[in-house]
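The values are calculated or read from the model by the stated rules, or taken from the named source; none is laboratory data. Only a predicted model underlies this, so the values are computations on that prediction, with no experimental measurement involved. Cβ: placed from backbone, ideal geometry, glycine included. Neighbour counts: every protein chain shown.
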Amino acid sequence: MSDIIFIEGGRVIDPASGVDGIRTVVVRDGKVAEVAERLERPRDVRAVDARGKWVTPGFIDLHVHLREPGQEYKETVATGARAAVAGGFTAVCAMPNTAPPNDNASVTQLILARAEAAGLARVFPVGCISKGQKGEELAEYGELAASGCVALSDDGRPVMSSALMRRALEYARAFDLPLTVHEEDLLLVGKGVMHEGPAATRLGLKGVPAASEEVMVARDLALAELTGGRLHIAHLSTAGSVRAVREAKRRGLPVTAEVTPHHLALVDEDVARSRYDTAFKMNPPLRSAADRAAVREGLADGTIDCIATDHAPHSAVEKDLEFDAAANGIVGLETAFAVCLALAREGALSERRLVEALTSSPARAFRLPGGSLARGAPADVAVLDPAREWRCDPALFHSKSKNSPWKGATLVGRCTLTLVGGRIVHELAGGGR
Amino acid sequence: MIGKHRHLTGLEPLSRDDLLSVMELATSMKEVLRRPIKKVPTLRGKAVVNLFFEASTRTRTSFETAAKILSADAVNWTSSSSSVTKGETLVDTARNIEAMHPDILVIRHPSSGAPQLVADHVSCAVVSAGDGAHEHPTQGLLDLYTLAEHFTGIAGAPAVAAPDFGTLAGKTVAIVGDVSHSRVARSNLHGLTKLGAKVRVCGPPTMIPEGIEAMGAEVHHQLRGAVEGADAVIMLRIQHERIGDPLIPGTREYSKFWGLNEKKAAEWLTPSCAILHPGPINRGVELSPEVADGARSVILDQVENGVAVRMAVLYLLAGGAHEAAEGGARS
């Protein structure tokens, strides 16, 4: 009976099947066998006491950097997958800006083999849009799709050539792959390192205007319309981008979008408050309070489909530097739930929508399995304690990297138990209490 | 200590009283500077390291002079490059220097925030000598000092007299030039607004940074409107590399619309309006030679006051300076 687990007494929030209430979830043979109000538990069956907790589908993150192959000192597939399950994520999409980049089957297969060996979160590789992410020639989408890539991206580098982008959207249709795009006009960005606005002006840091994202979003929406290709806007960060996507969706374009927890929670003034702390440097940069309000609204009304962390591990070597010189990016898998839950507590987002944006919405955007606790679905489950207070100490992260703007902060809400395929892959120490 | 501050990374964190404490001491320092034998033992045994990652003659020499007059040992450490790919990181450099037990690290760096990063990693006092486009706090202080001298009517006087810093309140100061790249403009804005002066900034829209109004500036794009009725004008240096940036089409057009020459000065400026420039001047671009060398110019007073203000800053930050401040340099 060891492969049967009863998760009892928790509040099951499963937007995909419209469930929100106290239920027992029965896991059997790696699948969700039943979700019901009252169930008799046979003797000798493992029970998880979920009273006072949320029980949701395992979270799905469309945007993480696992750094393997090539930068294993920052993260590996195994450590990244460990960080994922600690944060309640049972599936992550691994961005292809590895070294070498994931533009061919051998890199894709290596990532999948490492994920398999780790046996933690499911890892869905994302292949390159262009060979070597150079923005010159199309990568081999057919081979990438066949070997397991679920989307295409040159993340970290925008596709500056409109002509290449057009052909990429067109060609990807043959394999039904979405393009997940990093929207940034490099010429407008120049040497910018933070959002252009009063905070950057006061700090004397070069600004990145919101328009550098918005012109590329506008271009790619036009190209999606031209080609019919599936477009997914990565880490959308500005009010103008929200408006553009909202309008495109109204017209029925095949577009989806994600926003990061940090763009939902923080603003450019936090860079000033941190006094040039490079844990507040990322790309796109933290935007204005008005932009933050717009992405929150966009997430609440469904313009932005999902939350994705853009988990970007960097070591002290890349971060203990002048703000200008430091690498962009922060780790996010282990703080995402608490940071986003705060939005729900503030009333910016309903709890149902929060869970949806972490589960069924991302699954739908990339057509991934999971994101639901429907009977027969893979038993990828997160048990979350929405009241649990904890001090964010990056030294205790499962991720190899510690670059978090929440270091030292007291956060509320934490994943206590994670199941992937019916197997317990994470259990927080003292989680039952 | 300057008030409760162990470091001087900018004027933004300082209070009005902090600013006044430095400038009041600077008057005593200026008197020392003008003595025939300009040497006091005040900082004997203290070590000041000038850590410069960017070319600078005026500021480095000024800090070095200030340290030497106070009998501190001044060492210059010049780095040709701050690039992380070429050598050690800034934090490593700072820690290495700290291991030599300096009392004060004076740092000039092309990246905004670099003095803060150093201050976060060392135990000695850190003084910014200019970081990126962030702040140049000692320039801000010397400009405030020079303006107060001018408004008190003692600029260029043969005997050192104490300026009345209260005269800055209600005055209008125009800052003209590439404000977006200017750390001097930012320090001036913080300092002037804290002392009650009104600040206008002026330049082509490409040189006025987004949101500068939030720092208390009134934005102008036409020179005439910015300088008419002003009590002082601070002209900023136009760097030639901004042409390719591209912020302006060229120095010829810039000079025509935003440069100050004798004719514009005579027609638009009030008779008592002073002209300042942080140097080095591009003669014929932002200032015509006649104006730079003319009667309104207090540019050389700025340089002299720079040494006095830096003496005061080094003195206050060299540690345990408070009791000395009562009896030492003032006596």
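Restricting the first residue to region A:94-106 and requiring it to be in contact (Cβ under 8 Å) with a residue 40 or more places away in the chain, which pairs with a second residue that is of a type in the set (A, V, I, L, M, F, W, C) and part of a loop (DSSP other than H, G, I, E, B) meet a Cβ separation below 7 Å and a spacing of at least six or different chains? From residues that are in contact (Cβ under 8 Å) with a residue 40 or more places away in the chain, the pairs are A:96/A:128; A:102/A:128; A:103/A:128; A:103/A:139. Within region B:116-144, the set of residues being on the phi > 0 side of the Ramachandran plot and either touching an Asp or Glu at 6+ places or on another chain (Cβ under 6 Å) or facing chain A (nearest Cβ under 8 Å) (or both) comprises just one member, B:132.
Just checking, does region B:73-96 include any residue being without any contact (Cβ under 8 Å) to a residue 12 or more places away in the chain, away from every other protein chain (no Cβ under 14 Å), more than 21 Å from the chain's Cα centre (by Cα) and surrounded by fewer than 19 Cβ atoms within 10 Å (Cβ to Cβ)? Yes, the conditions are met somewhere in region B:73-96.
Of the residues B:162, B:155, the single one that is surrounded by fewer than 19 Cβ atoms within 10 Å (Cβ to Cβ), part of a loop (DSSP other than H, G, I, E, B) and within 18 Å of the chain's Cα centre (by Cα) is B:155. Restricting region A:279-338 to residues that are of a type in the set (Phe, Trp, Tyr) and within 13 Å of chain B (Cβ to nearest Cβ), the residue that is nearest to the chain's Cα centre (by Cα) is A:280. Of the residues that sit in region A:179-207 and are in a loop (DSSP other than H, G, I, E, B) and away from every other protein chain (no Cβ under 11 Å), which one is farthest from residue A:159 (Cα to Cα)? If we take residues in region A:179-207 being in a loop (DSSP other than H, G, I, E, B) and away from every other protein chain (no Cβ under 11 Å), then A:192 is farthest from residue A:159 (Cα to Cα). Each residue in region B:234-253 was checked for being over 12 Å from residue B:288 (Cα atoms), without any contact (Cβ under 8 Å) to a residue 60 or more places away in the chain and in contact with a helix residue (DSSP H, G or I) (Cβ under 9 Å, 6 or more places away or on another chain), and 6 of them qualify. For the criterion of being without any contact (Cβ under 8 Å) to a residue 24 or more places away in the chain and either within 14 Å of chain A (Cβ to nearest Cβ) or buried (at least 24 other Cβ atoms within 10 Å of the Cβ) (or both), residue B:113 passes. For region A:56-79, the tally of residues that are in contact with a strand residue (DSSP E or B) (Cβ under 7 Å, 6 or more places away or on another chain) and not in a loop (DSSP other than H, G, I, E, B) stands at 9.
When you look at residue A:181, is it in contact with a helix residue (DSSP H, G or I) (Cβ under 9 Å, 6 or more places away or on another chain) and crowded, with 24+ Cβ neighbours inside 10 Å, yes or no? Yes; evaluated as a whole, the condition is true for this residue.
Got a sec? Which of A:45, A:85 is aliphatic (A, V, I, L, M) and touching a Phe, Trp or Tyr at 6+ places or on another chain (Cβ under 7 Å)?
Going through A:45, A:85 in turn, the sole match is A:45.
Across region B:170-228, the qualifying residues are those that are within 10 Å of chain A (Cβ to nearest Cβ) and of a type in the set (Lys, Arg), and the one among them that is surrounded by the fewest Cβ atoms within 10 Å (Cβ to Cβ) is B:183.
For region A:96-104, does any single residue satisfy the condition of being farther than 23 Å from residue A:330 by Cβ and in contact with a Cys (Cβ under 9 Å, 6 or more places away or on another chain)? The answer is yes; a qualifying residue exists.
For region A:313-321, does any single residue satisfy the condition of being buried (at least 24 other Cβ atoms within 10 Å of the Cβ) and modelled with pLDDT of 95 or more? Yes, because at least one residue in region A:313-321 is buried (at least 24 other Cβ atoms within 10 Å of the Cβ) and modelled with pLDDT of 95 or more. If you filter region A:244-278 down to residues that are among the acidic types (Asp, Glu) and in a helix (DSSP H, G or I), you find that the one that is nearest to the other protein chains (Cβ to nearest Cβ) is A:269.
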